1. Using amide H atoms built in the peptide plane, which far-off residues or other-chain residues are under 5 Å from B:L129 H to H?
2. So if we plug the beta-carbon distance of B:D101 and A:R126 into 1/(1 + (r/R0)^6) with R0 = 56 Å, what FRET efficiency do we get, rounded to 0.05?
3. For A:F202, A:F99, which order do you get if you count the other beta carbons within 10 Å of each Cβ and list the fewest first?
4. Take B:H233, B:H118 and order them by how many other Cβ atoms sit within 10 Å, fewest up front.
5. Kindly give the distances from B:L171 to its copy-mates, label point to label point, with each label point 7 Å from Cα along Cα→Cβ, as nm values to one decimal ordered shortest first.
6. Just subtract the alpha-carbon distance of A:Q256 and A:I220 from 0.36 nm times their residue separation and send over the number in nm, one decimal.
7. No solvent, one uniform scatterer per C-alpha: report log10 I(q)/I(0) for the stretch B:161-285 via the Debye equation at q = 0.20 1/Å, two decimals.
8. Mind jotting down the distance between the C-alpha centroids of the stretch B:168-226 and the stretch A:217-267, whole Å?
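Values quoted throughout were computed directly from the atomic coordinates according to the rules given, and no laboratory measurement underlies them. Since the structure is predicted, the reported quantities are computational estimates derived from the model, not experimental observations. Reconstructed Cβ throughout: ideal geometry from the backbone, glycine too, with neighbour counts over all protein chains shown.
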Number of protein chains: 2
Amino acid sequence: MWAVSESSVKRWSDSGALACVRTPGGHRRFTMQALLDFQRAGGAGRDDGGADHRGATADATQLDLAVAGRDWSRLQELYYEAAVAGDEAAGAALLERAFQDGISAIESKERILTPVLHLIGERWRRGELNIWEEHLASQVTLAATGHLHRRLPRAPAHGRVALCGCPEGDLHEIALQMVVETLEAEGWRAISLGPNTPLFSFADAVQRFSPQLVCISATIVHDLERLRRDYKHFYRAARHHAARIVIGGAAFADPQVHDIFLHDFRAIGLTDFLEYVRREFPPSDAAT
Amino acid sequence: MWAVSESSVKRWSDSGALACVRTPGGHRRFTMQALLDFQRAGGAGRDDGGADHRGATADATQLDLAVAGRDWSRLQELYYEAAVAGDEAAGAALLERAFQDGISAIESKERILTPVLHLIGERWRRGELNIWEEHLASQVTLAATGHLHRRLPRAPAHGRVALCGCPEGDLHEIALQMVVETLEAEGWRAISLGPNTPLFSFADAVQRFSPQLVCISATIVHDLERLRRDYKHFYRAARHHAARIVIGGAAFADPQVHDIFLHDFRAIGLTDFLEYVRREFPPSDAAT
């Protein structure tokens, strides 16, 4: 790339002038965008017109190899770099390339995006990443999965309605979006109430939409007393409309939370969620 | 549509079986989706196969007339119905129809979406709408503006970078998305840090990306003491990188908040924001 010494790169990096991301293995990695930003800011003091193209080609080859070999840890590294650098185009391109090679959207979400987001969350908690990097990763992931979702084939609409949301206090919308996308690909009308929806209001929406399915995604919840009180009303509304209740997310690993949310199915991931939905709502029963 | 009496409709509506939305004028309105949901749930006890098509045609004619006549209050009513009903397709179709007729994306955002979202927020505060309706309206709006944005022509990329976010405690991402979309259409690389970004971390991202422009969108903020302390660091970082600072949003109407956020420009809406950006960053100066 540039004819500069490793120590120069380390110095620029340590000074903050040239941003780097750390790979899951702890190595310093510079994204093409960071190098270009640095170059534009005059950091290297010279212009290497060919770097962009050569770098992009190298990236594409790495990605092709990782996709072809189903090298999940390498794919995670590549996605991690795109996510932390705020590079929506690279994140979307990775998912699209994987999909073209036969990796389903759900497989990408479970084996690439979810582990990377967990790692980023963990690194942020350990003080190794800044909040803005965690925010960028979320924005990139919402954009990239949305991009792939719009390209996916969809089952014909069968008229069933699913109502999905996160309970009050939970702001983790990525898992929720993945659930909505999974259902839409199956032909459902999936209505997202979004993050942070009080259960009493969620219950009211159940009355309004008479869904066949309600999905509650929760990563972190607080105020169990309020959830317990509101959930009773929610549960009655769902039962009254004969809606199945599916819960999913890290919050339900806590037995205290799990016990509040009486449910028909607890999904561990998108794969078992999809299996449940297909089993309980076979195509032959669909409304027309 | 159906041969039923007005009193039947009112009874179904009052019982909650048939959902209605209230127009800005306070009238009961039933969306096509609500009627279909109600019909599917067996509410009317009979099947009227033609209702869907005829209803959609009537809606399309209403929309065409409102667009052609630049009837903003009628367009707001139509968008209000789509938003509160969670009808993303109708919301997106309205914006697309308006765009086809020469109403710019910014005009739609300022004259249709923003007033409707304000009204919905106001009605929610007055207890006339449920939280889930406000949430649905947000989801519909994010989806609909994103849909239109992907169809918009874009100015060629000129290499300038804008960093955009909401400060800590502010969760209002719609205005932020509109700012990002406005900049992207102008050829900027607009990086969104998303809602609820602490200013100390925003400052760190400024160091990383050396943006020419930073945009702070804020609707409601708390903890002015923390903002005051963190903003000093943020301001120094922006000045160090010679970034212009633009603020916008209802939070800055409060003089106490306004005084904390030293800035180069306070945008009242997207139109004056765009004028400022074009004036301060004319195309001839663009990096290549």
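1. Amide H neighbours of B:L129: B:W124.
2. FRET efficiency, B:D101 to A:R126: 0.55.
3. Lowest to highest Cβ neighbour count: A:F99, A:F202.
4. Starting with the residue having the fewest Cβ neighbours, the order is B:H118, B:H233.
5. Going from nearest to farthest copy, the values are 0.8 nm.
6. Extra length available between A:Q256 and A:I220 comes to 11.7 nm.
7. -1.12
8. 34 Å
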